[in-house]
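Here is the structure we will look at, set down as structure tokens.
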Ligand code: DOR
Ligand code: ZN
Ligand code: ZN
């Protein structure tokens, strides 16, 4: 059986350009995106150097346009030293990312005056997304309420956080949020087995937190986003392992498994992975674009055959139901049977066909 879904949009991925190309680049990251049914990816600004000036962001966007296999839009990073760049960055970026808490890379905002500058000078109509954990969520909600402008809370992972967001939404605060598959499918109980491969920010939580996220999957949660954060196995097994796990290739199979298990409907999956991301981030339409899946295919996720450069997944060994068969982007077949169809492949096939291959 084949079902057609719209092209998915991941509003939270780390594609590592510039400066981290040994972990991922636009070619490998968007190949992984297509393998996972994503035709649009929003890339995070905690690169080296970070995307905190309009000049750099424009150059990196040009590189993405040249190298990516699907549509890539870039976040600008908020930085206390570059608040004067906010209006120009606002014209070039899809959204602003504010890191309130410690995570990979140096981007961080801890002072109120920089937060005020962001809310005053970031263009109205362009979203502001926040890495905010614990009480940081209340900071984001307070700013959304005070300025009356939408805030998107990234990777919500705890029962208290989703409870606070649900309460703010009920009061009419303009807030949206995302959860990641790793926070929906893994807990602290998996950490002894996974070791550094189970370390990310926010960290894995307790079963009660995971239950609270699932309890809000039809209501307070707006998007499922991957937080695809590839690091090499050597880096993850080093003395000072960086936080983060890849997720572009496993998000859709995991969420389709949840549909098969009756935890959400396929319509809700499409809302969380395509419609809401496109609406919240004002993403352009992709005409003649779809993903064909076999919802009945049952198989084990594996490190073998992944297209992400990092070559591993924390979900290896997990049995899932639902496989991406084919992806069509703007009328062109771009992924089929586990492989990306680049222009070159398509051209080669055409010339072979003309040459009378039987
Ligand atoms: O685990 C994480 N890794 N959380 C983040 O916020 C950043 C990310 C990364 O860039 O590796
Ligand atoms: Zn984050
Ligand atoms: Zn992230």
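List of remarks:
- Selection count where residues are away from ligand 2 (no atom under 16 Å from the Cβ), out of contact with any strand residue (DSSP E or B) (no Cβ under 9 Å at 6 or more places or on another chain), assigned to a loop (DSSP other than H, G, I, E, B) and within 16 Å of residue 186 (Cα to Cα), scope the range 221-264: 1
- Only listed residue being within 22 Å of the chain's Cα centre (by Cα) and either closer than 18 Å to residue 228 by Cβ or surrounded by fewer than 21 Cβ atoms within 10 Å (Cβ to Cβ) (or both), chosen from 207, 196, 192: 196
Residue-wise test of (1) more than 16 Å from ligand 1 (Cβ to nearest atom); (2) touching a residue at least 60 places away in the same chain (Cβ under 8 Å).
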residue	(1), (2)
176	yes, yes
195	no, no
210	yes, no
221	yes, yes
250	no, yes
253	yes, yes
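- For the range 1-22, the set of residues classified as away from ligand 3 (no atom under 13 Å from the Cβ) and under 14 Å from residue 247 (Cα atoms) consists of 8, 9, listed by residue number.
- Checklist (1) surrounded by 16 or more Cβ atoms within 10 Å (Cβ to Cβ); (2) within 15 Å of ligand 3 (Cβ to nearest atom) applied to residue 106, failing item: (1)
- The condition (being buried (at least 22 other Cβ atoms within 10 Å of the Cβ) and at pLDDT 95 or above) is satisfied by just one residue among 5, 57: 57.
- All positions within the range 280-317 that are touching a strand residue (DSSP E or B) at 6+ places or on another chain (Cβ under 9 Å) and free of Cβ contacts under 8 Å to residues at least 24 places away in the same chain: 298, 300, 316, 317
- Selected residue (criterion: modelled with the lowest pLDDT) from residues of the range 331-358 that are surrounded by 13 or more Cβ atoms within 10 Å (Cβ to Cβ) and assigned to a loop (DSSP other than H, G, I, E, B): 342
- Counting only helices (runs of 4 or more DSSP H) that fall entirely inside the range 61-157 and contain at least 3 residues that are farther than 30 Å from residue 217 by Cβ, the qualifying elements are 86-92, 112-121.
- Taking (1) away from ligand 2 (no atom under 16 Å from the Cβ); (2) in contact with a helix residue (DSSP H, G or I) (Cβ under 8 Å, 6 or more places away or on another chain) in turn, residue 172 satisfies each apart from (2).
- Residues within the range 9-20 that are out of contact with any strand residue (DSSP E or B) (no Cβ under 9 Å at 6 or more places or on another chain) and within 19 Å of residue 58 (Cβ to Cβ), tallied: 2
- Residue within the range 182-190 that is in contact with a strand residue (DSSP E or B) (Cβ under 8 Å, 6 or more places away or on another chain) and part of a loop (DSSP other than H, G, I, E, B) present: no
The values are calculated or read from the model by the stated rules, or taken from the named source; none is laboratory data. As the structure is a computational prediction, the values presented were derived from the model and not from experiment. Cβ sites come from the backbone with ideal geometry, for glycine too, and all protein chains shown count toward neighbours.
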